[in-house]
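Okay, so here's the structure we're looking at.
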Amino acid sequence: MPLLEPDVAPCCPPLTERPLTAEEAVRTAAMFKALGDPVRLRLFSAVASHEGGEACVCDISDVGVSQPTVSHHLKKLKEAGLLTSERRGTWVYYRVEPSVLAAMGHILGRYAAA
């Protein structure tokens with residue numbers, strides 16, 4: 001799965017480049033806040049690592065919580081812009097937004113390399 005689509009610009013500069021603006025900080029915090037919950041992080045990882053870059057909710061719901069709780073966490077990941085979804089019949093398929101992975105990597109990349 002590619003981490004950066006050619007026409008997608010990262011949302012924010014690396015943390016070591018300049019201070020984030022208030023708007024950049026709000027967007028970035030929302031992404032990381034959504035991933036701050038262990039169940040959400042497991043769901044995000046399950047979708048990101050699933051063959052083909054997308055996963056049916058039926059394939060990723062075994063994370064130790066009830067189905068309504070899984071749905072709640074997936075909704076939070078979608079609201080944060082980390083996942084997109086598509087209904088196909090009775091199932092919903094989720095995909096990780098490649099631009100979001102690129103943005104998170106870009107924000108942390110230069111800092112992690114230092």
Filter pass, LEU41 being at pLDDT 90 or above and buried (at least 18 other Cβ atoms within 10 Å of the Cβ): no
Quick count over the stretch 65-82, residues being part of a helix (DSSP H, G or I) and more than 19 Å from ALA103 (Cβ to Cβ), is 9
Hits in the stretch 46-61 (condition: among the polar types (S, T, N, Q) and open to solvent by 60 Å² or more (accessible area, probe 1.4 Å)): SER49
When every residue in the stretch 16-64 that is of a type in the set (D, E, K, R) and assigned to a helix (DSSP H, G or I) is compared, the one nearest to THR84 (Cα to Cα) is ARG40
Within the stretch 15-26, is even one residue more than 16 Å from ALA102 (Cα to Cα), open to solvent by 80 Å² or more (accessible area, probe 1.4 Å) and touching a Lys or Arg at 6+ places or on another chain (Cβ under 9 Å)? yes
Have a look at GLY64, GLY53 and point out the one that is over 19 Å from LYS33 (Cα atoms), in contact with a Lys or Arg (Cβ under 8 Å, 6 or more places away or on another chain) and at pLDDT below 90. GLY53
Output the residues belonging to the stretch 62-86 that are buried (at least 18 other Cβ atoms within 10 Å of the Cβ) and over 22 Å from THR28 (Cβ atoms). VAL70
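The values are calculated or read from the model by the stated rules, or taken from the named source; none is laboratory data. Everything quoted here is computed from the prediction, not taken from an experiment. Heads up, the Cβs are rebuilt from the backbone with ideal geometry, glycines too, and the neighbour counts pull from every protein chain shown. What goes into the accessible areas is simple: the full protein's heavy atoms, side chains included, and nothing from ligands, DNA or RNA. Shrake-Rupley method; radii C 1.70, N 1.55, O 1.52, S 1.80 Å.
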